[in-house]
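Read through the structure below, which is laid out as C-alpha cells, and then see the notes.
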Amino acid sequence: MTQIDLIGVPLDLGASRRGVDMGPYAVRAARIREALLALGHTVSDQGNLVVPDRGTFPPEAGGMDFLEEIAAVCSDLARRVEASVGARRFPVVLGGDHSLGAGSVAGAARAMRSRGEALGVLWIDAHGDINTPATSPSGNVHGMPVAHLLGHGDARLLALNGGSPAVRPEHVVLVGIRDLDQGERAHLREFGVKTFTMHDVDRRGLADVMDEAIAHVSKGTGGLWVSYDVDAQDPVDAPGVGTPVPGGFSWREGHLVMEMLADSGRLMGLDAVEVNPILDVSNRTAELAVGLVASALGKRIL
C-alpha cells in the first residue's frame with residue numbers, strides 16, 4: 001500500500017492554447033481517487049495550488065510575459081512535492097501545462113538530496129521541452145522545463161534549484177520524442193541527455209527502449225520521477241491536448257511504459273500533464289490519464 005498525495009496545478013500560463021488549466025478538474029472527474037483507492041492505496045487529495053487567472057492579464061500577454069508567475073507557482077509546487085517525498089509519500093501532480101515540471105522535479109530532487117541521493121527522471125513526451133528563452137521560437141515556458149532543471153535558462157526558474165542544476169544530464173532520459181525545435185536538437189547533444197525518439201521505439205520496440213531507459217536513469221540514483229505528458233500518446237487516443245503530434249504511443253504502449261516503471265520498484269512520484277478538456281472528446285484523455293497513473297501504481301490486467 002502506498003500513501004498518495006494528489007496535487008492539482010491548474011496552470012495554463014506556459015502554453016499557447018487555453019483550457020489546460022482545467023486538466024486537474026477533468027482528471028478528478030474521471031475518478032482518479034477512486035481508481036487509486038481500488039488498488040489498496042491511501043489517497044489524500046491536497047486540492048489545487050493557487051494559480052493566477054490568465055484572463056486577468058492583458059490580452060496581448062503571452063510566452064515569457066508569464067515567467068515570473070510560473071516561477072512562483074513552481075516554487076509552491078516544489079515545496080509541496082519536497083514535503084511529500086520527504087515524508088515517504090508518493091506525490092501525483094495533476095496538470096496543467098508541462099512548465100510545472102520545473103517545480104515538481106526540483107522539489108523531488110531537493111528531497112532526495114537531503115537523503116544524500118540523486119534523482120532519476122524519465123520525461124515522457126512528444127516534445128523535448130529543452131528550449132531556453134534564447135532558443136524558443138514561441139517563448140512558451142512549457143517547452144523549457146528540462147533545460148531549466150539541467151541548469152540552463154532564466155534565473156527565476158533556476159532559483160528553484162538554488163541556482164544549481166536540479167538533476168544531472170546522465171540521470172535524465174527522454175522517451176517518445178517526435179517533434180523538436182532546432183535549438184532543442186542542439187541542446188540534447190550539447191547537454192548530453194539520452195533521448196529515445198519514436199524512430200527508436202519503432203525500430204527496437206517499446207519494451208527494449210524502456211528497459212534501457214530505466215536502467216540508465218537508475219544508475220547512481222536513489223529513485224525515479226516520471227513526468228508524463230499525455231501528448232506522448234497518439235492523438236487518436238488522446239485528442240484532448242494542446243499540441244498533438246501524430247505517430248505517438250498506442251493506448252497499450254502508454255500503459256506498458258507505466259507498468260514497466262511500476263515493475264522497477266523505483267518510482268517515487270509522477271506528473272500527469274497537458275490534459276485539455278476543451279479540446280477533448282467525452283473526457284477520453286482524462287480517463288486515459290487516470291488509467292496511466294493507475295498502471296504506474298500497480299494496476300495490472302491479471
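Values quoted throughout were computed directly from the atomic coordinates according to the rules given, and no laboratory measurement underlies them. The structure displayed is predicted, hence computed values, not measured ones. Cβ coordinates were reconstructed from backbone atoms using ideal geometry, including for glycine residues, and neighbour counts include every protein chain displayed.
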*Of the residues Leu256, Leu37, Leu267, which exhibits the maximal mean-square fluctuation in a Gaussian network model of the chain defined by a 10 Å Cα contact cut-off?*
Leu37
*Sorted by Cβ density within 10 Å, fewest first, the residues Met198, Met260, Met210, Met64*: Met64, Met260, Met198, Met210
*Please order Trp251, Trp225 by the number of other Cβ within 10 Å, starting at the fewest.*
Trp251, Trp225
*asked:* If I model a spin label as a point 7 Å beyond the Cα along the Cα-Cβ vector, how far apart are those points for Leu37 and Ala155 in nm?
replied: 4.8
*Kindly provide the pair-distance distribution of the range 8-152 built from C-alpha pairs, with 5 Å bins from 0 and whole-percent values in order of increasing distance.*
2, 10, 18, 21, 20, 16, 9, 4, 1, 0
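What does the extension gain come out to for Phe191 and Arg113, with contour length at 0.36 nm per residue minus their alpha carbon separation?
On the way: separation 78, 0.36 × 78 = 28.08 nm, distance 2.14 nm.
Answer, rounded to one decimal: 25.9 nm.
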*What is the list of residues in the range 232-252 whose amide nitrogen lies under 11 Å from a point 7 angstrom out from the Cα of Asp202, following Cα to Cβ?*
247-248
*Sorting His127, His142, His152 on the 10 Å Cβ count, fewest up front, what's the list?*
His152, His127, His142
*asked:* I need the calculated FRET efficiency for the pair Ala83 and Ser218, taking r as the beta carbon distance and R₀ as 22 Å, to the nearest 0.05.
replied: 0.35
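At a temperature of 10 °C and a viscosity of 1.306 mPa s, determine how fast the chain diffuses translationally according to Stokes-Einstein, using the Kirkwood radius over alpha-carbon pairs as Rh; express D in µm²/s, rounded to the nearest whole number.
On the way: Rh = 18.5 Å.
Answer, rounded: 86 µm²/s.
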_Could you tell me the relative contact order of the chain? Use alpha-carbon pairs under 8 Å, at least six residues apart, and round to a whole percent._
22
*Top mean-square fluctuation among Ala83, Ala272, Ala71, Gaussian network model of the chain, C-alpha springs under 10 Å?*
Ala83
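Using only the C-alpha atoms of the range 136-279, find the volume of their convex hull and express it per residue in Å³.
124
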